[in-house]
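The values are calculated or read from the model by the stated rules, or taken from the named source; none is laboratory data. This one's a predicted model, so the numbers in the text were calculated from it and none came from an experiment. Counting neighbours? That spans all protein chains shown, and the Cβs are built from the backbone with ideal geometry, glycine included.
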Amino acid sequence: MRRILLSTVSCILVLFQPAVFAIEMPSEFKALHVLNRLGFGPSPGDIKRVDDMGIDNYIKQQLHPENIPLPDSLTQQLNSLSTYSLGFDELTEEYGPPPRVNGQRPDPEVVKAQRKKSQIIVQEAIQARLMQAIESPRQLQELLVDFWYNHFNVFAQKELDRLWIGDYERNAIRPYVLGRFRDLLGATAKHPAMLFYLDNWQNVDPNSFKNARKAKGLNENYARELMELHTLGVNGGYTQDDVIALAKILTGWGFHGKQRGDTQVSFDFEFNPRRHDPNDQVFLGQTISGGGQEEVEAALDVLARSPQTAQHICYQLAQFFVSDAPDPQLVSQLAQVYESTDGDIRSILEALFKSSQFWDGKNYQAKFKTPFQYVVSVIRASGQQVTNYRPLMGMLQQLGEPMYGCFSPDGYKNTQAAWLNPDGMLRRINFATAIGFGRVNINDDQFPVSEDDLLSVYDHQFSASTMQAVDAALPRLRAVVLLGSPEMMKK
Amino acid sequence: MDMDRRQFLKYMASLFVISLLPLGLTGWAAGLDDNILQANPELKRKKFIVLFQRGAVDGLSVVVPHGDGRYYDARPTIAIPSDSQSEMLDLNGYFGLHPSLSGVFPLWQNKTLTFVHACGSPDPTRSHFDAQNFMECGTPGNPSTPDGWMNRLLSVLPGLHAPTQALSIGPVLPKIFQGKMSVSNIALGKNDNHPMAIDRPMVENAFDMLYKGDDALSQAYQQGQEARKQLMVDLQKHMEMASGGAPSPYGFADSARRLAQLINEDPNIQLVFLDLGGWDTHVNQGAVKGQLAGHLNGLGNGLSALVNGLGNAYNDTVIMVMSEFGRTFKENGDGGTDHGHGNAMWVMGGSVKGGVIQGQWPGLDNDSLYEQRDLAVTTDFRSVISTVLKQHMLLGDDQLTTVFPMIPQVPSPLLFM
C-alpha cells in the first residue's frame, strides 16, 4: 500500500514538475552534457578541457568556430582527398557526363565508365564528413552540418547530384550553419544540387518558351518542399494555390548545362527569363509583381520572415538539441529570438544553450543517438585514429543511415522512435564489440580499448546498473560493455 | 531548484520507472483472448503482408483507364497506349494493367488479385510525409497518433506473441509498426545471415546482463536477440538450399524470395511490412518504357516471386500494396506527374475474390476530379484494410476499433469469397 501511495505521489510530482519548474542537473554532469549535446561526445582529454575553461566559455567558443584553429593533421587529411577541394566546374569537367562530339551522343560504355569513376566524389565526401566529425575541434559546427544537411537534404545517388553533394555541403551549407537562416536558404536555393534533386531546373512557364525540347511546363516539386520542409512547415498555413503560385515564381530558376568547347560541359546556376512566368502572383496573401529573379528573392524573404518558419525551425532545433518532444514554451521563446534577430541561428542557439530546458535534469541522457552520432562517438571515445573509413560507411549503411543516402527530401530524423529498433540495437553492439576488441580494419595498428581509459573519457558517468554489468563481464569485455552501454547510445 | 547528485539520481530513477512502465507491461507476453484462438485455431496461420510504395505511385499508370479518351488527352506523352503493340494487359475492357506488371497478371487471371481503384485517404494533404504518417497511423488528419496500425493490430491478435510474429523488413522500424508491442526487424540482403559478435556466448552473456531491464533499449535488445536466434536458423536453411548459385545483384525479387522462405520456415510470422521507394516521378515518368516502368517491373517480379515462394501458404495470406496518394490526372510540363489524391490499392491472396476491379469509379471528367485535378477518393483505405482484418484475420468489432479508432462509415469493398 505504502509503495503504491509513494509511486502515486511521485507520479503526480513527475507529471506536474516539469511544467512548473525544471530541475537543473547536478554540476558534475554538465561537462559531459555539453560535449554530448554540442558535439559527438568526448574524446580523451575533452572533459578536462571543458572543466578548465568552464562550461560557459566552452559554449561560447563552440558558437564561434572561426576562432578555433583546425589541427594541421586534419587539414592535411582533407587536402589529401583528391576531389574534396575541387571546385564545382572542375568536378563537373573531370567527372561529369561526357559531352557530345560533333553532335554525336557519347558511347554508352564511356558514359557508364564515367559514372563509375564519379563515385569517388561521394566516397570522399563521406570520408570528409566522418573525418571532421571525429577529429574537428569545431564540434558544434560539425553537428550543425549534419542537422542542416538533413534539413535541406539532397540524395547523392540521383544522377548529377553524385557530382555535386560535396560541393553543396561545402559551399551551400557549411558557411551558413551559424549564420542567418535567409542566407542558408538562399544558398541552397541557388545550388544546382538542390535544383536538380527537386527538379526545379525543369520548372518552366508553359506559355513562355514553346521551343524547349524537354522542359516545357510547371513542376511543383521544389515549390512544395521549399514551404513544407525548408521553411513554413506542413502546418504553416499555405494552400495548393500557394504551391502553384510559388512554382510559377520559381519558373526559370535553375541551371543551364553548357557545352564549352569540345571536351567540357558546365552547369551553372542560371535564371532564364525566357522560361519565366512574367505575371504577378498572389503568394501567401501578398502580391509579388511580375518581374524576374527578384521575384524569387522576394518570395524567399517572405518565407524566411514568416512566424511559421520561425516556429518550424525552432521546433526542429529544440528537438535536435533538447528532447524529442520539446517544450512548446522553449520553442516559442526561441521563435521570438528568431524573429527579433531576423533568423540569426547563432543567437537562437545561444538562447537555447542558456535555456532551463537545455539544463533540465529530465533532458539529461534523453536523446537516443542517430547511427551517425553513435558511430562517431564510439570512435572518438576509443581514441582510435581512422585511416580507412570503409568500415564506418558500411556500419552506417547497416544501421539504415547511409551518408548522403536519404532518398526523400525530409532527410534523416533524429528521434528515438526513428532509430531504436531490435536489429539496430544488435548491430550497434556488434560495432561496439569490434571497436572495443580492436578488430575493425579502420587503421593499421588497432588496439583493444581499455576500460579505465573509457571511464575517464566519460568522466565515470555510467549508471550503477551499467557498472554492475561491466564488473560482471570478463575483463577483456569490459570496455566493450561500456561502448555498447545506454550511456553511449544516448546523450 | 538545486539538488545533489544522490537526490538527482533518485529523481531520475522515479522518472525512469514512470515513463517506461507502460512499455514493460506489454512485450510479447500473453495476448488478449485465448478463447478466440481455441475457437479458430486456423487464426494462427493467417498472414498479412503490407507493401508500401513510398513516394506516391501513379495509380493511373498501374491500373490504366484506357476506356476513357480523356486519359489520353490528359497525358500526351506518358499515357499507356491500348493498341496491340503496347502489350497493355486488359483487365475488364475499361481498365488495363501496365505491361511491366506482367509478372502479376497470372494472379489476376486466376482471380486472386484485385484492385480497389480511386482509393485513398480522406485527408487532402499532398505532403508525402503527412500522408504516409496518416496511412501508417491509420488516423487521417491526426498526425500525433503515437503508434502505427500494424502495431495495434499485433496487440489484438490472440494467443502468445512470438518474437517473430511481426516482422519489418529493413534496418529501421517504420511508423506503421511503432508502438507498445515489440516488433522485430531484419534487413534482408546478401549478408543477412553472416554471424555477428553478439552471437558469441561470452559477448551475449555480457550484454544480456546489461540489457536485462524493461526500459526501451532493453526491450529492443531482448526482442532483437529472440528474433535473431529464430531468423538465423531460418536463413541458414535457406542458404543451404540456395547454395551453389553465383551472387547476383540484390533486388526486390531476391528479398521477396527470401521473405517467402522465412515465412515457410517460421510458422510464427504473421504480420510483415516492407516498403519500396522511387515512385515520386515528377520528371520523365515514361510510359510503356522508362523510369516508372522499370520500377513496376521490379515490383511485379518481386510480388510474383513472393507468391510463388509462399506456395500453399498463399492460401492463408493477404498481400496488400498501398501508397500515400496518387498523382495528378494531367501530366506536368516535364513528362511527369505531381502530387495528387486517389490511387489504386492492391489486394491479393489465395482467398481473395480477385479478377474484378473494386471500388466506385468516380470518372475523369473535370468536375469529377478532386479539385479539378486529381482522381477523387471514393473508398477510404481503412475500409479496405478493415475488410481484410474482419474477413481474413477474423477480428471482432472491438478489436477492429483498437486498430482503427475511427472506423469510416463507408461501404467496404467485397474482397473475399
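Tabulated data for the structure shown
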| quantity | calculated |
| --- | --- |
| Among residues of the stretch A:404-413, those that are of a type outside the set (D, E, K, R) and within 7 Å of another protein chain (Cβ to nearest Cβ), counted | 2 |
| Selected residue [in a helix (DSSP H, G or I) and assigned by TED's automatic domain parsing to the domain that holds A:Ala417] from A:Ser347, A:Ser377, A:Ser332 | A:Ser377 |
| Boolean, A:Leu163 is crowded, with 20+ Cβ neighbours inside 10 Å and part of a helix (DSSP H, G or I) | yes |
| Boolean, A:Gln416 is more than 8 Å from chain B (Cβ to nearest Cβ) and on the phi < 0 side of the Ramachandran plot | no |
| Qualifying position, being at pLDDT below 75 and either away from chain B (no Cβ under 11 Å) or more than 30 Å from the chain's Cα centre (by Cα) (or both), among A:Arg37, A:Arg2 | A:Arg2 |
| Top-ranked residue of the stretch B:268-295 - restricted to ones that are within 14 Å of chain A (Cβ to nearest Cβ) and of a type in the set (Val, Ile, Thr), ranked as nearest to the chain's Cα centre (by Cα) | B:Thr281 |
| Wholly within the stretch A:422-480, helices (runs of 4 or more DSSP H) carrying at least 3 residues that are within 11 Å of chain B (Cβ to nearest Cβ) and of a type in the set (A, V, I, L, M, F, W, C) | A:422-436, A:464-472 |
| Qualifying position, being at pLDDT 95 or above, within 14 Å of another protein chain (Cβ to nearest Cβ) and more than 28 Å from B:Leu310 (Cα to Cα), among B:Arg75, B:Arg6 | B:Arg75 |
| Entirely in the stretch A:232-301, the strands (runs of 3 or more DSSP E) that have 1 or more residues that are at pLDDT below 90 | A:253-260, A:264-271 |
| Residue in the stretch B:149-156 that is more than 21 Å from A:Asn414 (Cα to Cα), in contact with a Ser or Thr (Cβ under 8 Å, 6 or more places away or on another chain) and assigned to a loop (DSSP other than H, G, I, E, B) present | no |
| Qualifying positions in the stretch B:149-185 - more than 19 Å from B:Leu217 (Cα to Cα) and of a type outside the set (A, V, I, L, M, F, W, C) | B:Arg152, B:Ser155, B:Pro158, B:Gly159, B:His161, B:Gln165 |
| B:Leu154 being more than 10 Å from chain A (Cβ to nearest Cβ), within 30 Å of B:Ser386 (Cβ to Cβ) and surrounded by fewer than 23 Cβ atoms within 10 Å (Cβ to Cβ) | no |
| Members of the stretch B:88-122 found to be buried (at least 23 other Cβ atoms within 10 Å of the Cβ), closer than 21 Å to B:Gly286 by Cβ and of a type in the set (S, T, N, Q), listed by number | B:Ser100 |
| Test: residue in the stretch A:352-362 that is hydrophobic (A, V, I, L, M, F, W, C) and either in contact with a strand residue (DSSP E or B) (Cβ under 9 Å, 6 or more places away or on another chain) or surrounded by fewer than 18 Cβ atoms within 10 Å (Cβ to Cβ) (or both) | yes |
| Pairs, first assigned by TED's automatic domain parsing to the domain that holds A:Glu159 in the stretch A:101-114, second modelled with pLDDT under 80 and among the charged types (D, E, K, R), C-beta under 7 Å, six or more apart | A:Val101/A:Asp262; A:Pro106/A:Arg100 |
| In the stretch A:214-228, residue modelled with the highest pLDDT [restricted to those that are at the interface with chain B (Cβ under 7 Å from one of its Cβ atoms) and either in a loop (DSSP other than H, G, I, E, B) or more than 19 Å from A:Asp277 (Cα to Cα) (or both)] | A:Glu228 |
| Members of the stretch A:145-166 that are of a type in the set (A, V, I, L, M, F, W, C) and touching a residue at least 60 places away in the same chain (Cβ under 8 Å) | A:Phe147, A:Phe152, A:Val154, A:Phe155, A:Ala156, A:Leu160, A:Leu163, A:Trp164, A:Ile165 |
| Residue satisfying condition, being over 19 Å from B:Gly251 (Cβ atoms), more than 14 Å from chain A (Cβ to nearest Cβ) and not aliphatic (A, V, I, L, M), within set B:Gly340, B:Gly298, B:Gly350, B:Gly335 | B:Gly350 |
| Residue list for the stretch B:206-221, filter: part of a helix (DSSP H, G or I) and more than 8 Å from every other protein chain (Cβ to nearest Cβ) | B:Asp208, B:Ser218, B:Gln219 |
| Matching option when the condition is modelled with pLDDT of 80 or more and more than 30 Å from B:Pro267 (Cβ to Cβ), among B:Val50, B:Val63, B:Val17 | B:Val63 |
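Each row is one residue, and each column tells you yes or no for (1) part of a loop (DSSP other than H, G, I, E, B); (2) crowded, with 22+ Cβ neighbours inside 10 Å; (3) among the aromatic types (Phe, Trp, Tyr).
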| site | (1), (2), (3) |
| --- | --- |
| B:Leu259 | no, yes, no |
| B:Asn264 | no, no, no |
| B:Pro267 | yes, no, no |
| B:Asp280 | yes, yes, no |
| B:Lys289 | yes, no, no |
| B:Leu292 | no, yes, no |
| B:Leu296 | no, yes, no |
| B:Ser304 | no, no, no |
| B:Lys330 | yes, no, no |
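Matching residues to (1) of a type in the set (Gly, Ala, Ser); (2) crowded, with 22+ Cβ neighbours inside 10 Å; (3) over 24 Å from B:Trp149 (Cα atoms):
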residue	(1), (2), (3)
B:Thr317	no, yes, no
B:Asp334	no, yes, yes
B:Trp346	no, yes, no
B:Gly350	yes, no, no
B:Phe381	no, yes, no
B:Lys390	no, no, no
B:Gly396	yes, no, no
B:Pro405	no, no, no
